[in-house]
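Data first, discussion second: the structure below is written as structure tokens.
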Amino acid sequence: MLDATTRSGGTAAATSPPVASVAPVTPVSPTGLAARCTRLLLSPWARLSLLVLLLAGAASSVLLFEPQRLLADGWPPHLGGAAAAVVYAAAYGLCTVAFVPRPLLNLAAGALFGSALGLGAALAGTVLGAGIAFGLGRVLGQDALRPLLRGRWLKAVDGQLSRHGFRSMLAARLFPGVPFAASNYCASVSRMGWLPFLLATGLGSIPNTAAYVVAGARASTPTSPAFLIAMACIAVPALIGAVVAWRKRHHLRVR
């Protein structure tokens, strides 16, 4: 009888279905999720999107606050002399990043501070604004945009800026037809160094900036020799630039 029971229990154990094994579920650790989010936020295209948003916000703020009213309203009365010029240089740099036209800012510098102090404030603001734009483009846009430089013309421009940075940027600053903001961001995408970029910007911006500052300082006497010479220094390079661009238009289309 015991043998039968034992045999019956053995048969039941042998015929029972096997238990399916369940793979353990690995929980997503907060550290792993944070690392993934960090990689996503620091990816080249995420940084480029942030740059676009920053520039769009800066341009929108210009439309809202209308800094061109500075020409009519003047600088706040509680500031004066060198302190006002320093603050103006800082505001000048931020305004150029926000796409405020430099001629307007240069005219305002001359009208507010005169020729000498106005020129110093305008040049300092020019270098500051160019440095900010160059840094933003280098940190937020270079990694995403460099792989897109595939065309022959784009590669040629990139090679020129990368190998001959100071000379190329100096020519871009001296030539009146090159937009200030565009040259800043093009240089940031290339492999140009910081020091050549800033030095070329400071030196190359002197003639054009000085002409506008002097014109702003002498705007109250439009028949004075200084004002007329300044206007000639503004008009003649602009005319030369327009003629050169017109003559080179077919060459640029072929490329």
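Every read-out reported here was derived from the displayed coordinates using simple, explicitly stated rules and does not represent laboratory data. Predicted model only: the values in this text are computed from it and were never measured. Note that we place each Cβ from the backbone using ideal geometry, even for glycine, and neighbour counts take in every protein chain shown.
From the Cα trace of segment 75-210, what convex hull volume per residue do you get, rounded to a whole Å³?
100
Quick one: what are the phi-derived ³J(HN,Hα) couplings along segment 185-195, Karplus 6.51/-1.76/1.60 with θ = phi - 60°, whole Hz, x for glycine and proline?
Result, ordered by residue: 6, 5, 5, 5, 6, 6, 9, 5, x, 5, 5 Hz.
For a quick protection proxy, order the peptides 190-196, 80-86 by their average other-Cβ count within 10 Å, most packed first.
Per-residue Cβ counts within 10 Å, averaged per peptide and sorted highest first, yield 190-196, 80-86.
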